[in-house]
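No value in this document is a laboratory result; all are computed from the given coordinates. Predicted model, so just to flag it, every value in this text is computed and none were measured. Ideal geometry is used to build each Cβ from the backbone, glycine not excepted, and the neighbour counts take in all protein chains shown.
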Amino acid sequence: MIDSNFYKNTGPYTIAQLSKMMDASILNCDPNKEIIGVAPLHLATASHLTFYHNPKYVHLLESTQAGLCIIHPSIQDHVPANLGLLLSNTPYRTYAQLAGIFYQPKPSQPMGIHSMATIAATAKVGKNCSIGPCCVIGEDVEIGDHCVLEAHTTIHNNVKIGSHCYFGSHSVVSHSILGQNVYIKCGAKIGQKGFGFDMSAEGHFSVPQLGRVIIEDDVEVGANTTIDRGASGDTIIRKGVRIDNLCQIGHNVELGDYSILVSQTGISGSTKFGKGVIAGGQTGFSGHLTIGDNVRIAAKSGVIRNIEPNTTVMGYPAIPQRDFFKQQVYLNRLIKKPAAVEETKC
Amino acid sequence: MIDSNFYKNTGPYTIAQLSKMMDASILNCDPNKEIIGVAPLHLATASHLTFYHNPKYVHLLESTQAGLCIIHPSIQDHVPANLGLLLSNTPYRTYAQLAGIFYQPKPSQPMGIHSMATIAATAKVGKNCSIGPCCVIGEDVEIGDHCVLEAHTTIHNNVKIGSHCYFGSHSVVSHSILGQNVYIKCGAKIGQKGFGFDMSAEGHFSVPQLGRVIIEDDVEVGANTTIDRGASGDTIIRKGVRIDNLCQIGHNVELGDYSILVSQTGISGSTKFGKGVIAGGQTGFSGHLTIGDNVRIAAKSGVIRNIEPNTTVMGYPAIPQRDFFKQQVYLNRLIKKPAAVEETKC
Amino acid sequence: MIDSNFYKNTGPYTIAQLSKMMDASILNCDPNKEIIGVAPLHLATASHLTFYHNPKYVHLLESTQAGLCIIHPSIQDHVPANLGLLLSNTPYRTYAQLAGIFYQPKPSQPMGIHSMATIAATAKVGKNCSIGPCCVIGEDVEIGDHCVLEAHTTIHNNVKIGSHCYFGSHSVVSHSILGQNVYIKCGAKIGQKGFGFDMSAEGHFSVPQLGRVIIEDDVEVGANTTIDRGASGDTIIRKGVRIDNLCQIGHNVELGDYSILVSQTGISGSTKFGKGVIAGGQTGFSGHLTIGDNVRIAAKSGVIRNIEPNTTVMGYPAIPQRDFFKQQVYLNRLIKKPAAVEETKC
């Protein structure tokens, strides 16, 4: 199922081997049976490993032909009797771990520096890096060990990059300091000047954008996402943050540890996120807001006020999700009972 | 009107020639008159061809100076008496066809492979291709005949591309199989890993993204649009789909034949579109949804539930468009009659 | 505070010097005191210049340790007694001017044409330009004096560019005429063909996109923003317009002088803006609309009808902002009084 042109299969593995790797119990299956790879519930054959995690797909669990299925122990009595099971309290993570063992990405380019890369004489590149064709690395850049810069990556002067970082093709980084294990997808633009000017009818006057972008360890930045550098302080993306494609991060924004931004989210200047904030797709945030720890913002919401920690909001302007759904119920009732509408006028 | 720096004019053509090419009737005009080019209604002179299609511009039809106007036969009695007419049941398409005859794009670069392109030894490039400066083509890539790769196109290892495909500058393709006549606009990013991880407060764990992007024939992908590859299955864009700029297509999404995504639309992972779906600009879709054939989604709507075929929805959460407009009427009535508001409290 | 790796500090300056440069009064301070740089209110020390402009940060004004603070004269009696003041009727602009004096960006690349740039023999490049590695400049392109093209800028055939223009890395321009002092951020894509086709269930038929993009003087275009060329007329961005990141400008759109588009705004084909229009983040506009002078559109709004000059609108469909907030008040009241909801049914 997995195209061997793109991924190398390290298997097969016996069910006993898989069970041992994960220190997981197995049920209803022959430990010596060989599993050749992973597949989703509806495509898996008797030689495949699959997993069940999202209740939306319970109908596929009923009919799967998989040879082995990773499930949470709590549902082990509710699956087809003949389905081989590997039990895990975190089935999705266990799947991710085993899939990572089964398949190794084929390297996109060899180690070393391609002859068509342009590296400034004062740049320092660490050990075991792979720098593809048409990469451009500016003066006094420092790149740690084990980094991959795909073709056409552009790193401007003085940027500092930790070890084990990845840069997708056509990513650009300027005015930035990056930690370790940062993964920048293709086309992301990081460090350009922000949208700052003094407005007037006779012409807007640009405000110098003098800050930087600080990206801590283990951050992931999506394809074609843009992160502006700070105006005088810095724009800061703290450790473990995950940013999806086509997001916009304005100048001086701060995103707390492990926050998640789903695609096309936009955050205006100087808004600060606490830890573990989850912003759904196409959400928007006004500038200068404080969003508390563990706030969840439903997709497409627009946030124009500060939000207390541990709350879930929705709509535009965003309100507590429960209130949003109450409004919807009420609006739906109105349009289904035209008489009621008339009565409100009497 | 059309800048000859960018397009070569193959005209002039007589009205008789144009009429013959389209097998179309003409009215109120001299067949021997020469037409030198196309222009919109308000800019056309007596030597220009124009067309009328959108009722929003009926006032411009009244005053146009065009020498020839393509219209639907049903309105031929409602146009200025002295306006030369070319009748067509599909005026917009007839205009497109004639405009395509009148003007030929000037080639952006010569045939052949530019000396500053980097092509892996194992890559296969078809006949009559044009590959611009700074293009990078990886190992075992296959590119069909008559393809154009504008400057800075990046095609990663093992990607397969049919004939007659176009890649705008700075487009990137990896982990993908493309059919024929696929048109990728500049800056589009196709095949990067999707936004998949197991969340936890101690750090999110990436799920290997092992699938591909499959793009069938005659698809168009907009500038700076992003299409993630599948997680274990594939992301599939079926034939004739048109995707506008800055759209986001998540992993394992499937778009049915001839579907249309207007710009800045975002589709979360594993959502499936039927055939002929039209998603307006800035629409958003949750993951794991099924959108039926011929569904229309009004611009800016947010879809969080499955949608039955042949329906039109609007709003967030998206509801049938008729219901959405009823809600608007009701809300408008309320704010115009403050007394009524008070009464609901009594 | 400002990282000297990225910006050169030209100071220090005495307060007397700063006051003289701006022709501004000072209060509560020693004119001979030296100021070493700028900083935001909460980070400034006794050697820093800061400014107060946004009432959201009045609490930071109370506690700032800054050596000198730019404020509007109207609030000079409401600031801490010991705070050194520089008075200005336009504090934000005065700050911008002084910050621009204090800090000079370090050049990203030397003057001249990099050896890894690809410049067509027929292209003309003005005096004192800096053209970075991997730039590609097509046939008959004309570039004025004092332009900077960062690494990987791509300018296609026949594009004309005025003097003092800046192109960020990986920007692409085709089919366009640009004025002077145009600033294009990295990754912007300008001039690709628009989203124009005649729809049908058997396949959409592309309409030739024969126009150009015209960008007047002093325009700024955001990172990864896309601007499609006209279909037969031109797409026009008039003088002084500021466009943020990830915006989409459809074919034949016109933006009036000094209009502002905040990030992720999308404008469908042929919509015309008057002068001084301000579109908030993530706003969307249907095609073929007329938006009057000085219209303001709140963030996330969707505009589907023409808008009269000098109005402020909000919501989707966008309505006058006052009406929008009335609706919100009403909806909030409803959900807080469930009894009232019941009564509307009786």
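A compact table of results
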item	result
Using a 7 Å Cα-to-Cβ projection, C:PRO31 label spacings across copies, nm, ascending	9.1, 9.1
Residue of B:SER200, B:SER286, B:SER19 that the Gaussian network model of chain B assigns the largest fluctuation, springs spanning Cα pairs under 10 Å	B:SER200
Relative exposure of B:GLU308, A:GLU202, C:GLU142, judged by other C-beta atoms within 10 Å (fewest first)	A:GLU202, B:GLU308, C:GLU142
C:SER130, B:SER4, A:SER88 arranged by Cβ crowding within 10 Å, fewest neighbours leading	B:SER4, C:SER130, A:SER88
Label distances, nm, B:THR14 versus same residue in remaining copies, Cβ-directed 7 Å point	8.7, 8.8
Two-site label geometry, A:SER74 and C:SER200: point separation in nm, points 7 Å out along Cα→Cβ	5.6 nm
J(HN,Hα) series, the stretch A:238-255, from Karplus relation 6.51 cos²θ - 1.76 cosθ + 1.60, nearest Hz, glycine and proline x	7, 4, x, 5, 10, 10, 7, 5, 6, 8, 10, 10, x, 5, 6, 5, 10, 10
Cα shape, the stretch A:137-227, gyration tensor, a/c 1.5 rule	prolate
Residue of B:ILE71, B:ILE319, B:ILE278 that the Gaussian network model of chain B assigns the largest fluctuation, springs spanning Cα pairs under 10 Å	B:ILE71
Whichever lysines have a C-alpha closer than 26 Å to that of A:LYS8, once near sequence neighbours (fewer than 8 apart) are set aside	A:LYS20, A:LYS33, A:LYS106, A:LYS127, A:LYS185, B:LYS124, B:LYS160, B:LYS189, B:LYS193
Neighbour-count ranking [beta-carbon atoms within 10 angstrom, fewest first] of B:THR283, A:THR271	A:THR271, B:THR283
Value of relative contact order over the stretch C:7-105, rounded to a whole percent, pairs C-alpha under 8 Å and six or more apart	31 percent
Shielding of B:231-243 by partner chains, average beta-carbon count, 10 Å	3
Most positive-pole-ward Cα, A:LEU246, C:GLN328, B:THR10, against dipole of the protein assembly as shown from beta carbon charges	C:GLN328
Interchain or long-range residues, amide H under 5 Å from C:CYS29's placed H	C:LEU85
Pairs from A:LYS56/C:LYS336; B:LYS336/C:LYS272; B:LYS300/B:LYS326 whose Cα-Cα separation, in the structure shown, is over 23 Å	A:LYS56/C:LYS336; B:LYS336/C:LYS272
In sequence order, calculated HN-Hα J values of the stretch B:257-269 (Karplus, 6.51, -1.76, 1.60; Hz; x Gly/Pro)	2, 6, 5, 10, 10, 6, 4, 6, 6, x, 10, 6, x
Under the Karplus curve 6.51 cos²θ - 1.76 cosθ + 1.60, θ = phi - 60°, whole-Hz ³J(HN,Hα) for the stretch C:182-194, x wherever Gly or Pro sits	8, 10, 9, 7, 4, x, 5, 10, 10, x, 5, 5, x
Distant alpha-carbon pairs in chain A (separation over 26 angstrom), percent	63 percent
Shielding of A:279-292 by partner chains, average beta-carbon count, 10 Å	4
Simple Cβ-charge dipole of the stretch A:1-156, Lys/Arg +1 and Asp/Glu -1, about Cα centre, in debye nearest 20	180 debye
Global geometry of the stretch B:12-78, whether rounded, prolate or oblate, following the gyration tensor of its Cα atoms and the 1.5 cut on a/c	oblate
Sequence-separation-based contact order of the stretch B:151-198, relative, with Cα cut under 8 Å and 6+ spacing, percent	35 percent
Exam field: B:LYS56 pseudo-label spacings to other copies (7 Å along Cα-Cβ), nanometres	3.4, 3.4
Helix-only CD estimate at 222 nm, as mean residue ellipticity for chain B, using -39500 (n - 2.57) per DSSP H run (n ≥ 4)	-4000 deg cm²/dmol
Reciprocal of mean inverse Cα separation for the protein assembly as shown (Kirkwood radius, Å)	30.2 Å
Average beta-carbon neighbours from other chains, 10 Å sphere, peptide A:18-30	0
Inter-part distance where the stretch B:55-82 and the stretch A:97-170 are each reduced to a Cα centre, Å	60 Å
Principal semi-axes in Å for the stretch A:189-295 [√(5λ), Cα gyration tensor, largest first]	23, 14, 13
